[in-house]
Amino acid sequence: MSFPNPCELSGVLRISFRSLEFRMDYYRLAMSILLPGFVLGELTTWLQGASLFEILVLIPSLTVSVAFLGAFPFWWYYRYQVGPDGVHGYDFWGRRVRIEWDRIDAARVLRFCGFTYALLHSPGTRTLWMPLSVNCPDALSRCIGLQVDDQHPIVAAMRSVDRDFARP
């Protein structure tokens, strides 16, 4: 049994299954690898006296391939779940973290390497880095809005990113 993609749920007021899974936006993740790789590759080949073919064709093609193939394992592995029992995700070092909604005592937004994260803190656990640059940001906002009230720390953090954030 497969669930619909969260992006297809634009008119849904209530989500009937337990939790939704989110992944980082693959295109943005690949582009964050591509740009520095491209600049370093071009600079290195130019300094080594490469031919015009290598500078204009070979290095850009290899860089694009490596960026899109290199981003795929990270995109595939790092899945974030948001549901009634809380958030399942990862800390900065890639270790799995699970935080229940009522245990979150602080949340703040951080921009890191071109991505926006909500850092969720709970006493006695590691800080969960929940990416807000996900494949369906509207569905993520709706899921969070369904689970918590307006006084929750994550709502204030979400409003700092999206001024129109409101609970459904």
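The values are calculated or read from the model by the stated rules, or taken from the named source; none is laboratory data. Everything numeric here is computed off the predicted structure, so don't read it as measured data. Cβ: placed from backbone, ideal geometry, glycine included. Neighbour counts: every protein chain shown.
Annotations
- On the stretch given as the stretch 72-114, residues that are among the hydrophobic types (A, V, I, L, M, F, W, C) and surrounded by 15 or more Cβ atoms within 10 Å (Cβ to Cβ) total 10.
- Of the residues contained in the stretch 53-69, none is found to be part of a helix (DSSP H, G or I), closer than 19 Å to LEU35 by Cβ, assigned by TED's automatic domain parsing to the domain that holds MET31 and within 14 Å of the chain's Cα centre (by Cα).
- Exclusive hit being surrounded by 12 or more Cβ atoms within 10 Å (Cβ to Cβ), without any contact (Cβ under 8 Å) to a residue 12 or more places away in the chain and more than 22 Å from MET158 (Cα to Cα), set LEU52, LEU62, LEU69, LEU35: LEU35
- Qualifying position, being at pLDDT 80 or above, in a helix (DSSP H, G or I), touching a strand residue (DSSP E or B) at 6+ places or on another chain (Cβ under 9 Å) and under 20 Å from PRO131 (Cα atoms), among ARG28, ARG23: ARG28
- Odd one out for VAL109 among (1) modelled with pLDDT under 85; (2) not in a helix (DSSP H, G or I): (1)
- The set of residues from the stretch 70-93 being part of a loop (DSSP other than H, G, I, E, B) and more than 13 Å from the chain's Cα centre (by Cα) comprises PRO84, ASP85, TRP93.
- Candidate set: the stretch 118-145, residues that are in a strand (DSSP E or B) and surrounded by fewer than 19 Cβ atoms within 10 Å (Cβ to Cβ); chosen: the one nearest to the chain's Cα centre (by Cα): LEU119
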